[in-house]
Each structure stands twice: as C-alpha cells, then as structure tokens.
1. Please find, within the stretch 6-28, the residue that is modelled with the lowest pLDDT out of those that are out of contact with any helix residue (DSSP H, G or I) (no Cβ under 7 Å at 6 or more places or on another chain) and not in a helix (DSSP H, G or I).
2. Under the condition of being among the charged types (D, E, K, R) and in a helix (DSSP H, G or I), which residue from the stretch 29-50 is farthest from the chain's Cα centre (by Cα)?
3. Which pairs do you get when a residue that is over 25 Å from Asn11 (Cβ atoms) and in contact (Cβ under 8 Å) with a residue 12 or more places away in the chain, found in the stretch 70-87, comes within reach of a residue that is among the basic types (Lys, Arg) and not in a helix (DSSP H, G or I), reach meaning Cβ atoms under 7 angstrom, with the pair 6+ apart or on two chains?
4. Would you say Pro103 is out of contact with any Ser or Thr (no Cβ under 7 Å at 6 or more places or on another chain) and either surrounded by 10 or more Cβ atoms within 10 Å (Cβ to Cβ) or modelled with pLDDT under 80 (or both)?
5. Within the set of pairs 6 or more residues apart or between chains, which connect a residue that is under 20 Å from Gln67 (Cα atoms) and of a type outside the set (Ser, Thr, Tyr) inside the stretch 23-46 to a residue that is outside any helix (DSSP H, G or I) and modelled with pLDDT under 95 with Cβ atoms less than 8 Å apart?
6. Output the number of the condition that Asp91 fails; it satisfies all remaining conditions of (1) at pLDDT below 90; (2) out of contact with any helix residue (DSSP H, G or I) (no Cβ under 6 Å at 6 or more places or on another chain).
Amino acid sequence: MSINPSIRTHNMEEIAHKSESIYKSVSVISKRARQISATLKEELNSKLAEFASTVDNLEEIFENREQIEISKFYERMPKPTILATEEFLNDEIMVRDKVVEEPDSEI
C-alpha cells in the first residue's frame, strides 16, 4: 500500500466541498471505513483460521512464526479511516443521495 499510515491533517473545506456538507462527507468516509474494516477482518480471520487448533492442551499449542508475521503485517497497515479518507479525497468513492419518492396524494 502506498498510503502513509501516520496521522496527518486534512483541509476540512476540501472534504466538505466534495459532498457539499462536512457531515455528509464524514458519513460517507465512515461508511467506507466500516466496509474496509469488515473486509480486512474477514481476510485476516481466513488467514489465521489455517493455524487454528482444536486441541485444548497447553503442551500442544506452540508459537507459530507465520501466524505472528501475518498479525504484525495487519497491525502495520494503515487504519481503515485513513484509507477511506484517502479514497474520498482522490474521488475514488461515489457520493450520491438516496432518492425518496413521495406517494401521490389525491385530494
């Protein structure tokens, strides 16, 4: 990933301008961050499931280097909120409003 995982500030006006409201922008970013988080969690769980042990004996549970490396890789990745914010600022997320149809009223 080419995104820097460190914390940095963003211009709030730029974020608000992309969807005409800072609140809508934050809502879009947070929804995308939840999607990214869920995807990463599924991916990590599937990789770690290979190392799952059905035995409860402490003697048979051992330190697995591959499992530790996988966990460290995911810990070093940028947080989902940073990824979502970068996607939003790079116009990789489409912002659209729900179309609410009002029922026809007969008078």
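The values are calculated or read from the model by the stated rules, or taken from the named source; none is laboratory data. What you are looking at is a predicted structure, and each value in this text was computed from that prediction instead of being measured. Heads up, the Cβs are rebuilt from the backbone with ideal geometry, glycines too, and the neighbour counts pull from every protein chain shown.
1. Across the stretch 6-28, the extreme among qualifying residues is Ser6.
2. Lys47
3. none
4. Working: out of contact with any Ser or Thr (no Cβ under 7 Å at 6 or more places or on another chain): yes; either surrounded by 10 or more Cβ atoms within 10 Å (Cβ to Cβ) or modelled with pLDDT under 80 (or both): yes.
Yes: the conditions hold for Pro103.
5. Listed by first residue and then by second, the contacts come to Leu40/Met77.
6. (1)
For every residue, the table says whether it meets (1) surrounded by fewer than 11 Cβ atoms within 10 Å (Cβ to Cβ); (2) at pLDDT 80 or above; (3) among the acidic types (Asp, Glu).
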| site | (1), (2), (3) |
| --- | --- |
| Glu43 | no, yes, yes |
| Lys47 | no, yes, no |
| Ala52 | yes, no, no |
| Glu60 | yes, no, yes |
| Ser71 | no, yes, no |
| Glu75 | yes, yes, yes |
| Leu83 | no, yes, no |
